[in-house]
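The values are calculated or read from the model by the stated rules, or taken from the named source; none is laboratory data. Every value quoted in this text rests on a predicted model; they were computed, and no experiment measured them. A quick note on method: Cβ atoms are made from the backbone with ideal geometry, for glycine too, and the neighbour counts reach across all protein chains shown. Protein only, heavy atoms only, side chains kept; ligands, DNA and RNA dropped before computing areas. Shrake-Rupley method; radii C 1.70, N 1.55, O 1.52, S 1.80 Å.
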Amino acid sequence: MGRRWYVARTEPRAEYLAADALTKDSFDIFFPRVKTPHPRFSHDDSPLFPGYIFIRLDPEAQGWPTFRLIHRTLGWVGFDGRVPSVPNEVVAELADRVEELNDSHGIWRNFQSGQKVRVVSGGIEEIGEIVREAKSPQSRATVLLQFLGRLVPAEVPWENLWPLEETLIEPPRHPRRTRGRGRWIPGTGPRSTVAA
C-alpha cells in the first residue's frame, strides 16, 4: 500500500504547536496555512483547516504511531472504526492550491458595493456601507461612515472591514400586567375560577 496521508485532530488552537512537535519527532506532516486579513496571534497566517493536520505514513509497515502529550494531538480522524487515507494526489493538489493562494495575497474578504460592514480600527468600531469595493489586498474600499451627523466617504484598508453579523432577534416582550405594587391592569390579572 505504501505511505499515504491521514488526518489527525489537534487540540483546539494548537495546530502550530502540534506541527512543530510532530516535525521534531520526524513525522512527515502537511500543515496548510494561508495568509488572511486576521492571522493567528504571533503568526502571519492561519490554518486552512483549523484543528486538523495531515500526517504521511504506512500503517501496515510501521503500525499506527502513538502520540505523546507534547504532540498536542487528539487522535486520528476516522469513521466507523476505520481511519481513511487521503490520496497523495489530493494532498499534492491541495499543496499547489495553497501555494497559489499565498502567492496571490492569500484569502482576503472582498465586500460588494451596498454591503453593510463593521469598520474596526484601533479601539473604534463603526457600521458603514461599501460604496466602492477594494480591488486587491493593497487597495482600499470606500465606505460611507456617520461623522458629525452626516455620511462621509472614507478610504478604509480591507483588513479593517468585517461582515456585519445578523442582528439578534429579541424574544417577544410580554405586555405589562401590573401598574406596580401588585395593582393589576384590568383584564390581565389572575382570574378566579368559579365552580359550576
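When the criteria are applied in full, GLU99 fails the requirement of being charged (D, E, K, R), at pLDDT below 80 and within 24 Å of the chain's Cα centre (by Cα). Quick check on SER104: is it under 30 Å from ALA134 (Cβ atoms), open to solvent by 80 Å² or more (accessible area, probe 1.4 Å), polar (S, T, N, Q) and at pLDDT below 95? When the stated conditions are applied, SER104 does not pass them.
Among residues of the range 62-76 that are surrounded by 11 or more Cβ atoms within 10 Å (Cβ to Cβ), those with a beta-carbon under 7 Å from a residue that is assigned to a helix (DSSP H, G or I) and of a type outside the set (Ser, Thr, Tyr) at least six positions away or on a different chain give the pairs ILE70/ALA21; HIS71/ALA18; HIS71/ALA21; HIS71/LEU22; ARG72/LEU17; ARG72/ALA18; ARG72/ALA21; THR73/ALA18.
Does ASN110 count as of a type in the set (S, T, N, Q) and more than 30 Å from GLN146 (Cα to Cα)? Answer is no for this residue.
One residue stands out in the range 16-51 among those that are surrounded by 15 or more Cβ atoms within 10 Å (Cβ to Cβ), under 14 Å from the mean Cα position of the chain (by Cα) and farther than 17 Å from ARG97 by Cα: the one that is modelled with the lowest pLDDT, namely PRO37. Looking only at residues in the range 61-109 that are β-branched (Val, Ile, Thr) and part of a loop (DSSP other than H, G, I, E, B), the one that is nearest to ARG140 (Cα to Cα) is ILE107.
Residue by residue, here is whether (1) assigned to a strand (DSSP E or B); (2) in contact (Cβ under 8 Å) with a residue 24 or more places away in the chain holds:
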site: PHE111; (1), (2): no, yes
site: VAL117; (1), (2): yes, yes
site: VAL120; (1), (2): yes, yes
site: LYS135; (1), (2): no, no
site: THR142; (1), (2): yes, no
site: LEU145; (1), (2): yes, yes
site: GLU155; (1), (2): yes, no
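Return yes or no: is ARG56 at pLDDT 95 or above and either among the charged types (D, E, K, R) or in a loop (DSSP other than H, G, I, E, B) (or both)? For ARG56, the condition - at pLDDT 95 or above and either among the charged types (D, E, K, R) or in a loop (DSSP other than H, G, I, E, B) (or both) - is met. Any chance the range 27-43 includes a residue that's closer than 30 Å to VAL120 by Cα and among the aliphatic types (A, V, I, L, M)? Scanning the range 27-43 turns up at least one residue that is closer than 30 Å to VAL120 by Cα and among the aliphatic types (A, V, I, L, M).
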